[in-house]
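Here's the structure, in C-alpha cells; my notes come after.
Rule-based calculations on the coordinates, nothing more; no lab input. Predicted model, so just to flag it, every value in this text is computed and none were measured. Note that each Cβ is placed from the backbone with ideal geometry, even for glycine, and that neighbours are counted across all protein chains shown.
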Amino acid sequence: MYKIKLGTFEGPFDLLVYLIENARMDIYDIKISEITGQYIAYLEEMKKMDVVVGSEFMVLAAQLIEIKTRMLLPRNTDIGEGIVEEDPRAVLVEKILEYRKFKEVARILEERESEAVRVFEKPQEDISEYQNQPDEYLNLDIEQFIRAFKGFLHRKQKVEEVKKRYVRVKRDRESSENRMVYIRSVFRMKKTRRVPFSDLVVNAKDKYDVVLSFTSVLEMMKARQLDAAQKVTYGDITVKAMEDFEKYDN
C-alpha cells in the first residue's frame, strides 16, 4: 500500500496526533472544529506542493467533518428517560489511543533492532570429536568411596583452619617480558630446538606461573619465534624454536 510521508508525518493519524499534541488538547476532549480546520488546511498545503494526497488522508478528513457535524446537532440528554447520546468523538479517541499504542511498540522494536545490529555472535563450532569420547568411571566399592570422601572433608577442614589463622602474602608477580627471557635461556641451556612446555614453567604448582608461561609462549608464537604442537587432547605440548628465534637470542 502506498504511504505518504511529508516532513515528520507519516499517515493521517500521525498528522492528527501531532495537531492534537501541538494544540495541547486533552485526548478525551478534542476540540473537533479546530482540529478539523487545521487538518484540512494541511491537506490543502500538500496539494499546493504537488504532493499526491492518499485516500487514507481523505477518509479521515471525511470522518472529522462528520464528527464536526454531529457535534453541532443538539444532543438528547433526557435524564428522565435515561437516554444519553454517545459522544461522537468516542470512536475517534479510541482509534487515536490504539494508534499511539502501536506507534510506541514500533519505536521499542526499532530500538531493539538497532541494538541487535551491534551484537556479533560467534559461529557454531563442531565439537563432536570431544562429545564422542567415552566416560571414565572409578571402580570403587562403598567403603573406599566413604574413606575418600572423609579424606576430602578432612583436607578441606585443614585448609579452612589455615585460612583463619594466617594471611597469605602475595609475592610480586613476574612480568611476561621476564618470562620470555627465561624461555630463551631454557633453549640455550638445553641446546635444542624442541622442549616440552613443562620445562618452560618455573613453578608447576602455581597456576599463575603456568598461565604466565603459556601466554608468553603465545606471544612468542605471534612474533614467529616459537611454534607449538599437541598430538592428543590434554597431551604434552612440544614447543619448537623457529628461524626468527635467534634474532632475539642474545
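Check E10: other-chain or 5+ apart residues with amide H under 5 Å from its amide H, H built from backbone geometry?
The answer is L15.
I'd like the Karplus ³J(HN,Hα) series for the stretch 92-105: coefficients 6.51, -1.76, 1.60, θ = phi - 60°, whole numbers in Hz, and an x wherever there's a Gly or Pro.
Those phi angles translate into 5, 4, 4, 5, 5, 4, 5, 4, 5, 5, 5, 5, 5, 4 Hz.
By a straight-distance test (C-alpha under 30 Å), which lysines pair with K240 as possible cross-link partners, with residues fewer than eight away in the same chain excluded?
Counting by Cα, and skipping residues close in sequence, K240 has these lysines nearby: K190, K191, K205, K207, K222, K231.
Suppose R0 equals 25 Å. What FRET efficiency, 1/(1 + (r/R0)^6) with r the Cβ-Cβ distance, do K31 and V59 give to the nearest 0.05?
Values: r = 21 Å, r/R0 = 0.85.
Rounded to the nearest 0.05, the efficiency is 0.75.
Round to the nearest 0.05 the FRET efficiency obtained for T192 and T233 when R0 = 30 Å and r is the Cβ-Cβ distance.
0.75
If the chain between M221 and E98 were fully stretched, how many nm would it gain, using 0.36 nm times the residue separation less the Cα-Cα distance?
Numbers: separation 123, 0.36 × 123 = 44.28 nm, distance 6.25 nm.
Here the segment from M221 to E98 would lengthen by 38.0 nm.
Please give the charge dipole size of the stretch 170-234, origin at the Cα centre, charges +1 on K and R Cβ atoms and -1 on D and E Cβ atoms. Round to the nearest 20 debye.
240 debye
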